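Shown next, in structure tokens, is the structure this report addresses.
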Amino acid sequence: MTLTGQQLIGNSESADSADTFQGMNPTTGKPLKTRYHEATTAEVDRAVSMADKIFGTFRDLLAERRADFLEAIVEETLALGDEFLELASAETGHPLARCAMERDRALNQARFFEELLREGSWVDARIDRGDSNRQPLPKPDVRSLLQPIGPVAVFGASNFPIAISVLGADTISAFAAGCPVIVKAHPAHPGTCEMAARAIISAAKRMNMPEGVFSLVQGKGNEVGTHLVQHPKILAGAFTGSLKGGRALMDVAAARSVPIPFYAEMGSVNPIFILPGALEENPEGIADGFVNALTLGVGQFCTNPGLALGIQSDQWDQFSALVSERVAKYPPSTMLHEGIHAAYTEGIIGRSENEDLLLLGESDAEADPSACEAAAYVFETTQQGLVNDPTLLEELFGPASTLVSCAGVDDMVAIAEKLEGSLSATVHGSEEDLIKFKPLLKVLQRKAGRLIFNGYPVGIEVCHSMHHGGPYPAASHSFFTSIGTRCIQRFVRPVCYQNWPNSQLPLALQDENPRGVWRMIDGERTRDEL
Ligand code: NAP
């Protein structure tokens with residue numbers, strides 16, 4: 001496929017600005033050949049106006065038509081073939097197998113939403129029948145369901161160029177909800193974004209979707225994304241990335257004269273609590289699992305464990321030694337781009353200079369900075385070390401973690417209390433441990449979006465029950481998830497119809513229940529007609 005590096009606005013291409021940038025291959029440090037044009041504000045405005053203009057048409061399509069659109073996106077993405085994976089690999093340094101895994105994950109996710117649409121009950125239709133004879137006042141007929149919010153701006157993260165980018169759950173769930181999407185391409189993988197966008201546009205054309213249902217704008221600086229979020233016709237934003245970027249855009253969304261919901265999924269420290277029963281049973285297995293979770297994807301997952309806590313004991317010392325041995329074997333590997341590599345290097349230097357931290361282990365082999373390589377590091381400290389330097393409780397993006405030895409249960413609970421909101425918290429233990437450490441579990445329930453028992457936080461199942469979010473700063477709104485079918489709820493709002501004529505109601509609210517969806521009628525779940 002020939003990439004043009006232009007903005008893809010509906011079915012047209014545009015390159016108003018002569019300012020260009022290139023993607024970089026982090027492994028070679030060399031720029032890739034295509035030049036991408038910075039979007040101008042006029043181009044962003046055109047994309048948003050087009051999306052706004054066709055919103056009503058797209059929203060009113062039968063759900064099956066939108067499901068067919070998602071199916072076509074899957075087909076068009078598969079038709080991109082290996083060229084797509086090779087480009088994603090060149091732009092990110094991810095091995096080809098990882099890129100293939102990401103593509104399959106993204107497409108499975110799209111199929112999930114396709115099924116959700118065909119089944120239809122996700123609209124949460126509710127009907128409370130009226131009663132004109134009710135005393136002292138007649139009861140109105142009240143019905144409600146979830147309806148799409150309007151054009152959505154999407155920002156993907158650099159670490160998932162396929163699964164959390166143009167083809168990620170943000171775009172797909174917004175389409176499923178009935179919202180047009182404008183994606184701001186990630187400057188670290190602009191070509192992968194363009195190829196994925198072309199697949200979506202081909203699918204949209206083939207399925208006769210209204211032009212403007214999808215656009216892609218490119219940009220290396222923050223201006224393009226900021227202008228997009230400020231645009232009055234954008235009605236929601238979805239972001240995955242750093243706390244710094246997410247917070248900046250949240251503030252932009254909140255400062256508008258009409259503020260909009262901005263769903264930011266950000267970084268997280270993902271603590272692991274290793275309780276005595278688990279250490280007694282399986283120290284080797286937990287050390288293997290922990291180091292694997294820490295180094296997977298060169299530590300560039302939002303769910304890599306940045307802290308592991310245990311109670312001071314001989315078993316804990318033995319566990320620390322096992323971790324140290326395993327970390328030494330980790331071969332330094334290429335990070336996503338120079339910016340992330342520089343931030344990681346700076347973070348490691350800062351930790352190495354911290355007198356409360358002991359370097360417990362590091363990769364034996366030396367990292368090659370010219371290939372953006374990162375070595376793995378594990379530090380050790382105590383509760384006092386965390387008190388002295390609260391930045392240790394923040395995400396350091398990369399294969400580094402800190403073991404914290406606690407004096408006892410109270411110490412561990414006190415540290416848990418200090419944790420910021422996290423995407424996940426993990427507990428390794430026996431069932432007896434869970435009883436003994438109940439106060440800890442109560443704290444964790446307030447701190448994290450996903451609680452894992454005897455497992456590891458990396459690897460997030462795409463399913464109906466998944467919650468990938470958490471209290472701030474893990475996410476901007478702790479109620480919402482960015483993975484799993486529930487994430488469609490970010491792009492809809494309940495609309496209530498009172499005493500509305502049956503024929504003019506949305507299908508899911510009509511007496512006959514023509515779509516056969518589950519509804520709540522007078523408080524009871526049923527698929528029956530009225
Ligand atoms: P990033 O630097 O925040 O970039 C994400 C996107 O936001 C990019 O398109 C970027 O474009 C844009 N952006 C950043 N700052 C902006 C600003 N001030 N104004 C306007 N746009 C802005 O994040 P990243 O380095 O790609 O990703 C790594 C981070 O993502 C890690 O912290 C990781 O934990 C997190 N992450 C979270 C999840 C999750 O599900 N919670 C998943 C994966 C990754 P520009 O570069 O053009 O500004």
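The values are calculated or read from the model by the stated rules, or taken from the named source; none is laboratory data. Treat the numbers as computed from the prediction; the structure is a model and nothing was measured. Positions of Cβ are backbone-derived with ideal geometry, glycine not excepted, and every protein chain shown enters the neighbour counts. For the accessible areas, the whole protein counts, side chains as well, though only heavy atoms, and no ligand, DNA or RNA atoms are used. Shrake-Rupley method; radii C 1.70, N 1.55, O 1.52, S 1.80 Å.
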Report summary line: Only one of THR34, THR28 is among the β-branched types (Val, Ile, Thr) and surrounded by fewer than 15 Cβ atoms within 10 Å (Cβ to Cβ), namely THR28
Requested in this report: Identify the residue in the range 308-351 that is open to solvent by 40 Å² or more (accessible area, probe 1.4 Å) and of a type in the set (A, V, I, L, M) and, among all such residues, is nearest to GLU373 (Cα to Cα).
Outcome: ALA342
Query - Every pair of residues 6+ apart whose Cβ atoms lie under 9 Å, when the first sits in the range 171-186 and is hydroxyl-bearing (Ser, Thr, Tyr) while the second is more than 12 Å from the ligand (Cβ to nearest atom) and in a strand (DSSP E or B) - result: THR171/VAL152; THR171/VAL181; THR171/PHE214
Requested in this report: Could you run through the range 462-481 and say how many residues are of a type in the set (A, V, I, L, M) and away from the ligand (no atom under 12 Å from the Cβ)?
Outcome: 1
Query - Filtered residue count, the range 218-233, keeping only those that are open to solvent by 30 Å² or more (accessible area, probe 1.4 Å) and more than 12 Å from the ligand (Cβ to nearest atom) - result: 2
Query raised in the report: When residues of the range 458-505 are filtered for being in contact with a helix residue (DSSP H, G or I) (Cβ under 6 Å, 6 or more places away or on another chain) and not in a loop (DSSP other than H, G, I, E, B), how many remain?
Result: 5
Query raised in the report: Only one residue in SER215, SER202, SER173, SER165 is within 16 Å of the ligand (Cβ to nearest atom) and farther than 20 Å from ALA39 by Cβ. Which one?
Result: SER173
Report summary line: Restricting the range 131-156 to residues that are touching a helix residue (DSSP H, G or I) at 6+ places or on another chain (Cβ under 9 Å) and small (Gly, Ala, Ser), the one nearest to the ligand (Cβ to nearest atom) turns out to be GLY156
Query - Test result for SER158, in contact (Cβ under 8 Å) with a residue 24 or more places away in the chain and in a loop (DSSP other than H, G, I, E, B) - result: yes
**Report entry** Scope the range 310-347; condition hydrophobic (A, V, I, L, M, F, W, C), within 18 Å of LEU243 (Cα to Cα) and in a helix (DSSP H, G or I); matching residues
**Finding:** ILE340, ALA342, ALA343
Requested in this report: Kindly indicate the residue of the range 348-380 that is closer than 18 Å to GLU394 by Cα and assigned to a helix (DSSP H, G or I) and also farthest from the ligand (Cβ to nearest atom) among those meeting that condition.
Outcome: SER352
Report summary line: Flagged in the range 157-195 as open to solvent by 10 Å² or more (accessible area, probe 1.4 Å) and within 17 Å of GLN7 (Cα to Cα), in numbering order, are LYS184, HIS186, PRO187, ALA188
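Is it true that ALA236 is assigned by TED's automatic domain parsing to the domain that holds LYS329, open to solvent by less than 10 Å² (accessible area, probe 1.4 Å) and touching a Lys or Arg at 6+ places or on another chain (Cβ under 9 Å)?
The answer is no for ALA236.
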Report summary line: Scanning the range 254-270 residue by residue, the ones that are more than 7 Å from the ligand (Cβ to nearest atom) and either in a strand (DSSP E or B) or surrounded by fewer than 24 Cβ atoms within 10 Å (Cβ to Cβ) (or both) total 11
